[in-house]
Amino acid sequence: LPGLKDKVAVITGAGSGIGRAAALLLAQQGMKVCLVDLKDDRLEETKQEIELAGGQVITVEIDISDSKRVEEAFEQTAKTWGRIHLVFANAGINGVLAPIEDMKLEDWDHTLSVNLKGTFLCVKHAIPHMKEMGGSIVITSSINGSRTFSGFGMTAYSTSKAGQLAFAKMAALELARYKIRVNAICPGSIKTNIGENTEPTAELEKIKIPIQYPQGNQPLEHSPGQPEQVANLVAFLASDISNHITGTELFIDGAESLL
Ligand code: NAD
């Protein structure tokens, strides 16, 4: 795709799922990629796969809700390769699933902190390294941020994902003067590791859920989507062929959100 070769990308949540697929595709397209994630073997595996294919890659192991460490990650990337063209603010968690009245404040805070504060921090600390040249910021929200019809227990998650959509639009307006485009993507169910640490609480199990979330029942394919399909959309939004697209939310869900 035009406008990617030799440009620099920072990808959060790059050790797994959507972030990993995006990192592999963008490196294949000739981008230099900084992979950001928590300390995890999968981050190293992603790095090795890119190196084996001849790509340029560095890794930074941080928690994206830690402002100082996020700032350092962007400084390190810029020191290594110069100005940054793409930020894929993608790391996220489901968090603890609980009914509102049983939700612990610390669990609410944690979900908001990783998904929403983490997104804010990535964009905030990226701007100094992007504003001279312009570029693209892609934020992974969810269909749950816009059409919040998933089962009970996802309140904190959906709230954080809705917050990301408002943030993306405000950022698009504010950063247009630097020729930085900002778009949110809203995947439906995608086959990743996000459910790995997500257990419903006992309180949630007691609730009879009247609205069944159509888990992965996507009219187009009758199954969850693949991370590689989402990565294609990220590459499009990073490239020059999307240079008139900013401030949008793009659904990628095989029509799941229309059920
Ligand atoms: P995933 O669990 O496979 O990958 C997420 C990555 O983010 C992991 O490698 C994890 O270690 C990392 N991460 C989590 N907390 C972090 C933190 N505090 N600091 C740094 N890294 C952290 O899941 P995924 O499905 O690929 O998730 C990527 C994004 O896609 C998330 O924002 C998620 O909300 C969103 N999303 C996923 C789906 C889905 O069905 N999988 C649907 C809609 C939106």
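Only the coordinates and a few stated rules stand behind these numbers; no lab work does. What you see is a predicted model, and the numbers here were worked out from it, not measured in a lab. Backbone-built Cβ (ideal geometry, glycine too); neighbour counts: all protein chains shown.
Numbers at a glance
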{"item": "Modelled FRET efficiency - R0 35 Å, Asp63 with His222, Cβ distances, 0.05 increments", "result": "0.40"}
{"item": "Cα-Cα separations in the range 68-173 greater than 16 Å, expressed as whole percent", "result": "59 percent"}
{"item": "Derived scalar couplings ³J(HN,Hα) [the range 57-68; Karplus, 6.51 cos²θ - 1.76 cosθ + 1.60; whole Hz; x for Gly, Pro]", "result": "8, 10, 10, 9, 9, 8, 8, 6, 8, 9, 4, 4"}
{"item": "Dimensions (Å) - the chain, Cα atoms, principal axes, largest first", "result": "53, 39, 38"}
{"item": "Potential lengthening between Leu259 and His110 on full extension [0.36 nm per residue; Cα-Cα distance subtracted]", "result": "50.6 nm"}
{"item": "Protection proxy ranking of 174-185, 7-18, 23-34 - average other beta-carbon atoms within 10 Å, highest first", "result": "7-18, 23-34, 174-185"}
{"item": "Whole-angstrom gap from the range 144-197 to the range 1-31, using each part's C-alpha centre", "result": "19 Å"}
{"item": "Considering only the chain, percent of DSSP beta bridges that pair antiparallel, nearest 5", "result": "0 percent"}
{"item": "Asn193/Arg83 FRET efficiency (R0 22 Å; Cβ-Cβ; nearest 0.05)", "result": "0.10"}
{"item": "Helix-only CD estimate at 222 nm, as mean residue ellipticity for the chain, using -39500 (n - 2.57) per DSSP H run (n ≥ 4)", "result": "-12000 deg cm²/dmol"}
{"item": "Helix 227-238 axis, angle to the chain major axis (alpha carbon atoms, nearest 10°)", "result": "50 degrees"}
